[in-house]
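S.K.: Can you keep this structure in mind? I'll have questions shortly.
The values are calculated or read from the model by the stated rules, or taken from the named source; none is laboratory data. Just so we're clear, the structure is a prediction, and the values are computed from it rather than from any experiment. Heads up, the Cβs are rebuilt from the backbone with ideal geometry, glycines too, and the neighbour counts pull from every protein chain shown. Side chains included, ligands, DNA and RNA excluded: accessible areas come from the protein's heavy atoms. Shrake-Rupley method; radii C 1.70, N 1.55, O 1.52, S 1.80 Å.
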Amino acid sequence: LLTDPGGRGLIHAIGLDSLAVTAVQGQFGGAFSLLRGKTPDLQAVINAPRVDLTALLQAMPKPAAGVAVARAPAPASAPPSESGDLIPALPLPFGVLRDGNGNVELTIGQLKYAGAIYDAITAHGLLHDGVLTVRPITAELPGGSVSGTLSVDAMTNPPRIHVTEAAPAFRLAPLLALLGLPNTAAATVQLYADLSGQGNTPRGIAATLNGTLGVSTVNGEIDGALLNRLFGSSLSAVGLPAAMVGAQGPVMVRCFASRLDATNGLASVRALTLDSSRMALTGTGTLDLGAERLNLILRPQVRGGAGSAPIPIAVTGTFADPREALAPPGDYGATLSALSRQ
């Protein structure tokens, strides 16, 4: 049903009520209104009981062979970094947030994408005078339930970002698969984040990041191949048996906890503890998110026999090119303490 929300003619405002779309690829509906003018204002309530995003993208028309397709100019990008930085410096489209106002409520019953199913997605976004607030954001992901908030102040220079996230019981295997790591795991982790920063690019935001990121789990099981991917090179660098801890097979994890506290782009490792059936590990240090440099001390202790003690390993270099070696003599305090107790 096409409507004239303000009664001033469709040139000033246009609305759609009782919209319903049903297709093989999905079903959605809702109501929309757009007030036109110097500052456009979009109001929308969208409800999608089901969306097969993979099928929807596949159904999109393909350009005919031999027909030139007009493309929008590519956004300006920073030249490739000679240092091989991992955090991109591409400008984010914050200008869009300064072009209008809006209030959008979104509910998706079930979303299918790339073989995964996401249920009960809800989000409420409010945009006013260049400030976007999305609260709350909730969803049932393949690993479990997550909730969070997002706020973006595009009127500051540079824009200010604040993100929170909480997943009190998240299955580890889907998260490992997303990260491209060995994902044979039977463990549930707790995730939380409260982060803020300012910048026009992801790299700029990282360089000013403040807040906390944490993950923990108890009484789970992972594959030894995951230990090898995470710590194998560090163990090999100091002559420890990486093959022993990294051999495939179940590894019982009694406890794992990690917490990063960031201040102006410098993230301090406030907690890094692993207690498993094959190895124990603790760690301290910092990550410079702006320069993408590492300054960590890992203290692994391989299970297997009396008299073992944690050996401090220095992890330095960059995110893209980490380097492991024996830590300087000043970092052997924990090792000497462990040996004195045996």
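S.K.: Going by what's in this entry, would residue 98 be described as among the basic types (Lys, Arg) and buried (at least 18 other Cβ atoms within 10 Å of the Cβ)?
M.R.: Spelling it out, it is not the case that residue 98 is among the basic types (Lys, Arg) and buried (at least 18 other Cβ atoms within 10 Å of the Cβ).
S.K.: Can you tell me which residue among 85, 194 is in contact (Cβ under 8 Å) with a residue 24 or more places away in the chain, part of a strand (DSSP E or B) and acidic (Asp, Glu)?
M.R.: After ruling out the rest, the residue left standing is 194.
S.K.: Provide a single number: the residues in the range 283-326 that are open to solvent by less than 40 Å² (accessible area, probe 1.4 Å) and at pLDDT below 85.
M.R.: Qualifying residue count for the region: 4.
S.K.: Next up: So which strands (runs of 3 or more DSSP E) stay within the range 11-55 end to end and still have 1 or more residues that are in contact (Cβ under 8 Å) with a residue 24 or more places away in the chain?
M.R.: Those strands (runs of 3 or more DSSP E) span 26-35, 41-52.
To keep it simple, each residue is scored yes or no on (1) surrounded by fewer than 19 Cβ atoms within 10 Å (Cβ to Cβ); (2) touching a Pro at 6+ places or on another chain (Cβ under 6 Å); (3) aliphatic (A, V, I, L, M); (4) modelled with pLDDT of 90 or more.
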| position | (1), (2), (3), (4) |
| --- | --- |
| 129 | yes, no, no, yes |
| 133 | yes, no, no, yes |
| 151 | yes, no, no, yes |
| 161 | no, no, yes, yes |
| 168 | yes, no, no, yes |
| 179 | yes, no, yes, no |
| 184 | yes, no, no, no |
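S.K.: Also, quick follow-up: Which residues, taken from the range 254-282, are surrounded by fewer than 19 Cβ atoms within 10 Å (Cβ to Cβ) and in contact with a Pro (Cβ under 9 Å, 6 or more places away or on another chain)?
M.R.: Matches in the range 254-282: 277, 280, 282.
S.K.: Output the residues belonging to the range 199-246 that are open to solvent by less than 60 Å² (accessible area, probe 1.4 Å) and polar (S, T, N, Q).
M.R.: 201, 208, 210, 212, 216, 217, 234
S.K.: Let me ask another. State yes or no: is residue 16 open to solvent by less than 70 Å² (accessible area, probe 1.4 Å), at pLDDT below 95 and not charged (D, E, K, R)?
M.R.: No: the conditions fail for residue 16.
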